[in-house]
Protein chains: 2
Amino acid sequence: MIIDCHGHYTTAPGQLGEWRKQQLSAFEDGTSGQRQGPSISDDEIRESLEANQLRLMDERGIDLTVFSPRASFMAHHLGDFEISSEWARICNDLCARVADLYPERFAPAAMLPQSPGVDPASCVGEINRAVDEHDVVAINLNPDPSGGYWSSPPLTDEQWFPIYETMIEHGLPAMIHVSTSANPAFHTTGAHYLNADTTAVMQLIEGDLFSRFPELQFVIPHGGGAVPYHWGRFRGLAQALGKPTLDDHLLGNVSFDTCVYHQPGINELLSVIPTENVLFASEMVGAVRGIDLMTDRYFDDTVAYIEAAELTDGQRKAIYSDNVRRIYPRLHRRLETMGL
Amino acid sequence: MIIDCHGHYTTAPGQLGEWRKQQLSAFEDGTSGQRQGPSISDDEIRESLEANQLRLMDERGIDLTVFSPRASFMAHHLGDFEISSEWARICNDLCARVADLYPERFAPAAMLPQSPGVDPASCVGEINRAVDEHDVVAINLNPDPSGGYWSSPPLTDEQWFPIYETMIEHGLPAMIHVSTSANPAFHTTGAHYLNADTTAVMQLIEGDLFSRFPELQFVIPHGGGAVPYHWGRFRGLAQALGKPTLDDHLLGNVSFDTCVYHQPGINELLSVIPTENVLFASEMVGAVRGIDLMTDRYFDDTVAYIEAAELTDGQRKAIYSDNVRRIYPRLHRRLETMGL
């Protein structure tokens with residue numbers, strides 16, 4: 001069984017984006033009021049997936065994807081907390097509909113109604129709702145809701161603790177995932193995403209968050225940004241900071257996904273990060289949609305890299321499904337209920 | 001011959017730091033006026049190097065280091081342009097004294113008097129001075145003088161062009177190197193440095209700077225941040241942006257240093273980046289000063305990794321010296337003058 005822990009609904013029907021545009025222009029105009037969400041039929045949802053994610057999942061042998069709202073569309077920097085709340089609810093409801101339509105192919109994960117400068121505790125309500133109404137299996141936590149200006153405190157700051165307490169209460173891991181960069185210095189998927197991964201890990205190394213929350217589980221997407229490539233640097237920095245080894249300090253609570261889009265990068269990831277901390281993912285259909293002319297395969301066909309890597313069958317099974325079932329206990333329960 | 005293209009004067013005598021403190025507190029107090037630089041004797045300089053950089057260079061077989069002011073001390077975000085100018089002049093003069101004392105062991109590179117919000121053209125004077133008075137072989141260019149708030153335009157913006165024109169006029173490459181992070185989200189050496197490397201490369205991929213300046217040469221330190229690890233992602237993003245291949249778009253003008261502090265990372269770097277684009281460096285004594293208990297060698301002993309990598313003698317020679325002599329023509333001339 002192959003579980004992809006990192007998929008976003010990047011192909012949602014156009015009404016969703018249209019609705020968002022209207023929401024934001026109403027906000028700018030100061031027009032408030034109750035708004036209905038976009039009207040999207042089940043058939044439109046099916047069509048948006050069957051031509052895209054489901055087709056590629058079938059081609060690559062991916063059984064199930066943990067599916068969350070489009071990361072670049074979260075855009076927490078726009079509007080205010082009310083705007084983000086409305087938007088998060090609509091996007092989370094839509095991913096839940098996907099999982100209801102294809103329960104064996106998708107499991108829902110929730111975005112949060114973050115807003116820069118607003119207390120992260122304000123997100124607890126939407127987490128609870130997403131669990132109660134949709135049985136989500138994970139959340140996406142944005143360490144920089146400002147969109148590339150990095151005005152939030154590090155993830156180790158107690159401001160974030162209400163989110164962590166809620167995650168633990170429900171057995172939810174968090175993928176640490178930023179959204180669109182509003183800062184012209186940072187290309188969204190080529191710089192901001194990777195920088196955020198690196199930044200988050202270094203925040204965790206500097207702090208002692210997991211002594212306080214030993215049950216907390218974070219997934220660092222995009223292969224951990226620069227971290228596995230610079231694993232020696234991070235081991236050395238942890239040592240210089242008087243921290244335990246990264247095995248003890250980090251790897252009980254932090255995993256890395258396999259969204260690294262070429263064989264040498266995947267090989268490097270697998271050679272330094274213990275197998276139990278690597279989760280299969282492709283972030284498809286996502287940042288890099290083209291075909292690699294060097295391999296004639298999609299850049300984001302990460303199954304091909306894992307297949308070609310020097311791994312035992314047991315290691316491959318751990319990366320494809322065992323690890324994610326351990327770190328996403330609600331997903332494991334979902335699958336068990338379906339006899340999977 | 002082994003040339004380290006990335007060394008900073010991190011061990012300068014304490015008077016330098018004291019002087020800087022006084023400079024900044026005078027700025028805060030609004031006390032202006034002419035100040036003498038710190039008084040540091042030749043013997044004190046010798047002592048600061050012989051116990052540190054020179055000892056380690058001898059132990060590791062490094063012949064010469066391109067030596068620039070301590071990166072984290074540049075702190076362009078503090079003070080204003082006048083403050084940065086005074087500080088850059090003092091730091092550049094000090095590195096030039098090092099090179100005068102040990103001409104076969106150190107060649108000077110200059111920091112710039114950058115200041116956030118100030119036109120980069122204001123740095124041209126100090127570049128010219130550093131060339132005229134000290135025959136520097138390179139400059140360090142900070143893509144984010146705000147210290148982690150990224151308020152400058154991308155490196156492809158025409159604001160930076162006067163610096164590029166001056167570099168080309170003098171045959172100077174630039175190492176793209178940020179300074180201390182003033183943003184609590186970013187650990188300086190564990191996040192900000194690596195993020196800046198990744199960010200800079202993505203800015204260059206998005207733009208077309210080298211069509212405009214075909215002679216420009218940039219060195220991306222710290223093994224290129226996340227870039228070589230995600231080389232497939234960057235190849236795919238370039239393709240999606242309608243750019244030429246990275247070989248054509250980037251690698252005629254961009255090189256990566258070898259400041260990656262473990263063997264798997266170095267192996268990954270060497271497996272994706274062509275040999276001619278890799279420059280030996282250790283950034284020693286720098287970010288990671290400890291001994292790796294897994295190898296019993298210093299983390300930053302990058303000679304050991306290059307020695308252990310699968311390279312031909314010719315490739316090793318290119319990485320150790322030929323490439324840097326090609327990309328740093330003023331260094332090559334210096335060495336030739338000394339019969340090296």
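Which of the numbered conditions does B:Ala196 fail, given that it passes all the others? Conditions: (1) facing chain A (nearest Cβ under 7 Å); (2) in a helix (DSSP H, G or I). For B:Ala196, the failing item is (1). The set of residues in the stretch B:283-328 that are in a loop (DSSP other than H, G, I, E, B), of a type in the set (D, E, K, R) and touching a Gly at 6+ places or on another chain (Cβ under 9 Å) comprises B:Glu283, B:Arg289, B:Asp300.
If you go through the stretch B:250-282 and pick out every residue that is in a helix (DSSP H, G or I), buried (at least 22 other Cβ atoms within 10 Å of the Cβ) and away from chain A (no Cβ under 13 Å), you end up with 1.
If the condition is being open to solvent by 10 Å² or more (accessible area, probe 1.4 Å) and facing chain A (nearest Cβ under 8 Å), then the stretch B:283-292 contributes B:Ala287, B:Arg289, B:Gly290. Here B:Phe27 meets each of (1) under 20 Å from B:Leu335 (Cα atoms); (2) open to solvent by 60 Å² or more (accessible area, probe 1.4 Å); (3) touching a residue at least 12 places away in the same chain (Cβ under 8 Å) with one exception, condition (1).
Examine the stretch B:124-146 for a residue that is touching a residue at least 40 places away in the same chain (Cβ under 8 Å), among the hydroxyl-bearing types (Ser, Thr, Tyr) and either open to solvent by 20 Å² or more (accessible area, probe 1.4 Å) or within 25 Å of B:Ala107 (Cβ to Cβ) (or both), and state whether such a residue exists. No. Return the residue satisfying two criteria in turn: it lies in the stretch A:220-249 and is β-branched (Val, Ile, Thr) and under 20 Å from the mean Cα position of the chain (by Cα), and of such residues it is farthest from the other protein chains (Cβ to nearest Cβ). Ranking the qualifying residues of the stretch A:220-249, first place goes to A:Ile220.
Can A:Asp157 be described as open to solvent by 10 Å² or more (accessible area, probe 1.4 Å) and away from chain B (no Cβ under 14 Å)? Spelling it out, it is not the case that A:Asp157 is open to solvent by 10 Å² or more (accessible area, probe 1.4 Å) and away from chain B (no Cβ under 14 Å). A count restricted to the stretch B:227-249 and to residues that are part of a loop (DSSP other than H, G, I, E, B) and open to solvent by less than 10 Å² (accessible area, probe 1.4 Å) stands at 4. Scanning the stretch A:201-219 for residues that are open to solvent by less than 10 Å² (accessible area, probe 1.4 Å) and either over 19 Å from B:His192 (Cα atoms) or at the interface with chain B (Cβ under 9 Å from one of its Cβ atoms) (or both) gives A:Val201, A:Met202, A:Gln203, A:Ile205, A:Leu209, A:Leu216, A:Phe218, A:Val219. Is there a residue in the stretch B:162-178 that is facing chain A (nearest Cβ under 8 Å) and open to solvent by 10 Å² or more (accessible area, probe 1.4 Å)? No: the stretch B:162-178 contains no residue that is facing chain A (nearest Cβ under 8 Å) and open to solvent by 10 Å² or more (accessible area, probe 1.4 Å).
Can you pull out the residues in the stretch A:41-79 that are polar (S, T, N, Q), open to solvent by 10 Å² or more (accessible area, probe 1.4 Å) and out of contact with any helix residue (DSSP H, G or I) (no Cβ under 8 Å at 6 or more places or on another chain)? A:Ser41, A:Ser48, A:Asn52 - these are the residues of the stretch A:41-79 that are polar (S, T, N, Q), open to solvent by 10 Å² or more (accessible area, probe 1.4 Å) and out of contact with any helix residue (DSSP H, G or I) (no Cβ under 8 Å at 6 or more places or on another chain). Of all the criteria given as (1) open to solvent by less than 10 Å² (accessible area, probe 1.4 Å); (2) more than 7 Å from chain B (Cβ to nearest Cβ); (3) touching a helix residue (DSSP H, G or I) at 6+ places or on another chain (Cβ under 7 Å), the one not satisfied by A:Asp300 is (3). Test of understanding: among A:Pro120, A:Pro38, A:Pro116, which residue is farther than 30 Å from A:Tyr298 by Cα, open to solvent by less than 60 Å² (accessible area, probe 1.4 Å) and out of contact with any helix residue (DSSP H, G or I) (no Cβ under 9 Å at 6 or more places or on another chain)? Sole residue among the options that is farther than 30 Å from A:Tyr298 by Cα, open to solvent by less than 60 Å² (accessible area, probe 1.4 Å) and out of contact with any helix residue (DSSP H, G or I) (no Cβ under 9 Å at 6 or more places or on another chain): A:Pro116. Residues that are facing chain A (nearest Cβ under 8 Å), assigned to a helix (DSSP H, G or I), at pLDDT 95 or above and over 30 Å from B:Gln239 (Cα atoms) do occur in the stretch B:179-189, at least one of them.
The values are calculated or read from the model by the stated rules, or taken from the named source; none is laboratory data. The structure presented is a predicted model; accordingly, all values stated were derived computationally and were not measured. Glycine gets a Cβ as well: all are built from the backbone with ideal geometry, and neighbour counts include every protein chain shown. Note: areas computed on protein heavy atoms with side chains; ligands, DNA, RNA excluded. Shrake-Rupley method; radii C 1.70, N 1.55, O 1.52, S 1.80 Å.
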